[in-house]
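Contents: one structure, followed by commentary.
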Amino acid sequence: MDRSVVPFGKPRAERADAVRNREHLLRTAREMIAEHGVERVTMDGLAERAGLGKGTVFRRFGSRAGIFRALLDADERRFQEQVLSGPPPLGPGAEPVERLVAYGRARIAFLVDRHAIARASLERNQPVPAGDPSITQPHLRVLLAQAVPSMPNLDGVTIQLTAALAGPLLLYLSRPETDANQAAETADFLGDAWQTLIERLVR
């Protein structure tokens with residue numbers, strides 16, 4: 001097991017029917033997003049499309065923003081699995097610098113691709129969250145320590161690099177109406193900058 005990241009805790013056991021309902025609702029929400037975009041997804045619409053009661057949707061997600069937080073959480077878990085046990089260079093098996101570059105590029109692409117979903121996951125009148133460093137920060141710290149064992153102020157450098165991959169920053173750098181080609185260009189542009197930063201840092 002790759003010790004450079006901290007895995008999510010074991011989820012609380014759910015009834016089988018609750019698990020089926022959740023997965024069905026998430027699949028349905030993704031279908032609706034693909035067909036009509038994020039803005040057209042509502043609690044009522046999701047319940048009707050999924051063939052479930054509105055109360056079931058509210059109990060599962062709490063609010064419209066909760067739908068998108070659940071989608072992001074599911075994607076985050078898959079992303080972490082790729083980092084923990086996927087093929088290199090994102091997963092184990094590559095040199096530390098190569099993994100640092102790959103992680104930054106993958107993380108940026110992950111956030112840019114989910115820009116509209118991330119915006120929709122924010123509750124109205126609530127501040128933009130500072131981001132969750134639980135995966136990124138320890139992963140970067142371990143790889144930096146392997147790449148440059150004598151790096152001064154390792155913890156501070158790690159915090160700065162973690163901030164560069166934080167979701168809130170990318171929410172402001174890109175636009176929700178960005179099309180697929182523009183999103184890919186944005187991810188490449190920021191990924192190239194990340195690679196330059198890492199390569200200069202570890203010289």
Q.
Looking for something more than 20 Å from GLY191 (Cβ to Cβ) and either exposed (fewer than 14 other Cβ atoms within 10 Å of the Cβ) or of a type in the set (D, E, K, R) (or both) - is there at least one such residue anywhere in segment 113-123?
A. yes
Q. Of the conditions (1) touching a Leu at 6+ places or on another chain (Cβ under 7 Å); (2) modelled with pLDDT under 95, THR158 fails just one. Which one is it?
A. (2)
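Would you kindly identify the helices (runs of 4 or more DSSP H) lying entirely within segment 35-105 that contain at least 1 residues that are out of contact with any His (no Cβ under 7 Å at 6 or more places or on another chain), surrounded by 16 or more Cβ atoms within 10 Å (Cβ to Cβ) and touching a residue at least 60 places away in the same chain (Cβ under 8 Å)?
Per the criteria, 64-85.
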Q: Could you tell me whether segment 141-155 includes any residue that is surrounded by 16 or more Cβ atoms within 10 Å (Cβ to Cβ), modelled with pLDDT under 95 and part of a helix (DSSP H, G or I)?
A: no
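The values are calculated or read from the model by the stated rules, or taken from the named source; none is laboratory data. None of these values were measured; they are calculated from a predicted model. Every residue, glycine as well, gets a Cβ built from its backbone with ideal geometry; the counts of neighbours run over all protein chains shown.
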